[in-house]
Amino acid sequence: MQLHGRLQEQHVPERWEAIPLHFGVGALFPGARAVLEPGSYNFDGAYNLEKFLKTAQEEGLLVILRPGPYICAERDNGGLPYWLLRQNPNMRYRTSDKTFLAAVDKWFSVLLPRV
């Protein structure tokens with residue numbers, strides 16, 4: 001049997017490592033909260049991805065990480081930063097639009113080395 005839960009940072013205190021986790025974790029990592037403005041990244045507190053992954057590893061947990069850029073319909077703008085829309089009003093999200101893919105490449109170049 002496979003057990004899975006999804007951890008959304010806004011539903012847990014900053015000390016998520018104190019939550020008893022005895023199963024695999026699916027984690028959403030929204031760019032909207034980590035990229036507050038172009039070129040400014042927040043990986044502190046509840047957004048400390050490296051600490052989260054290290055804690056999961058220490059607890060023997062498997063993690064399914066959804067780093068975005070679009071993470072789910074439950075998030076405003078799918079988890080994409082609002083400034084991206086304001087900056088590029090003609091951008092077609094979630095397509096092969098070159099402007100969108102450039103933004104995705106930039107996000108992944110900052111995020112993925114932390115994984």
Tell me whether the stretch 102-115 contains one or more residues that are surrounded by 12 or more Cβ atoms within 10 Å (Cβ to Cβ), touching a Phe, Trp or Tyr at 6+ places or on another chain (Cβ under 8 Å) and farther than 13 Å from Ala34 by Cβ.
no
Asn77 being farther than 20 Å from Leu53 by Cα, surrounded by 14 or more Cβ atoms within 10 Å (Cβ to Cβ) and at pLDDT below 85:
yes
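Just a yes or no: is a residue in the stretch 36-51 in contact with a strand residue (DSSP E or B) (Cβ under 7 Å, 6 or more places away or on another chain) and in a helix (DSSP H, G or I)? Steps first, please.
Just the residues of the stretch 36-51 that are in contact with a strand residue (DSSP E or B) (Cβ under 7 Å, 6 or more places away or on another chain), to begin with: 41-42.
Imposing the further condition that a residue be in a helix (DSSP H, G or I) reduces the set to none.
Within the stretch 36-51 (the criterion being in contact with a strand residue (DSSP E or B) (Cβ under 7 Å, 6 or more places away or on another chain) and in a helix (DSSP H, G or I)), the answer is no, since none of the residues qualifies.
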Scan the stretch 37-61 residue by residue and report those that are at pLDDT below 80 and in contact with a helix residue (DSSP H, G or I) (Cβ under 8 Å, 6 or more places away or on another chain).
Ala46
Anything in the stretch 56-92 that is touching a residue at least 24 places away in the same chain (Cβ under 8 Å), among the basic types (Lys, Arg) and part of a loop (DSSP other than H, G, I, E, B)? List them, or say none.
Arg75
For the stretch 62-70, indicate whether the set of residues that are more than 13 Å from the chain's Cα centre (by Cα) and loosely packed, with under 14 Cβ neighbours inside 10 Å is non-empty.
yes
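The values are calculated or read from the model by the stated rules, or taken from the named source; none is laboratory data. Not measured: the values here are computed from a predicted model. Note: ideal-geometry Cβ built from the backbone for every residue, glycine included; neighbour counts use all protein chains shown.
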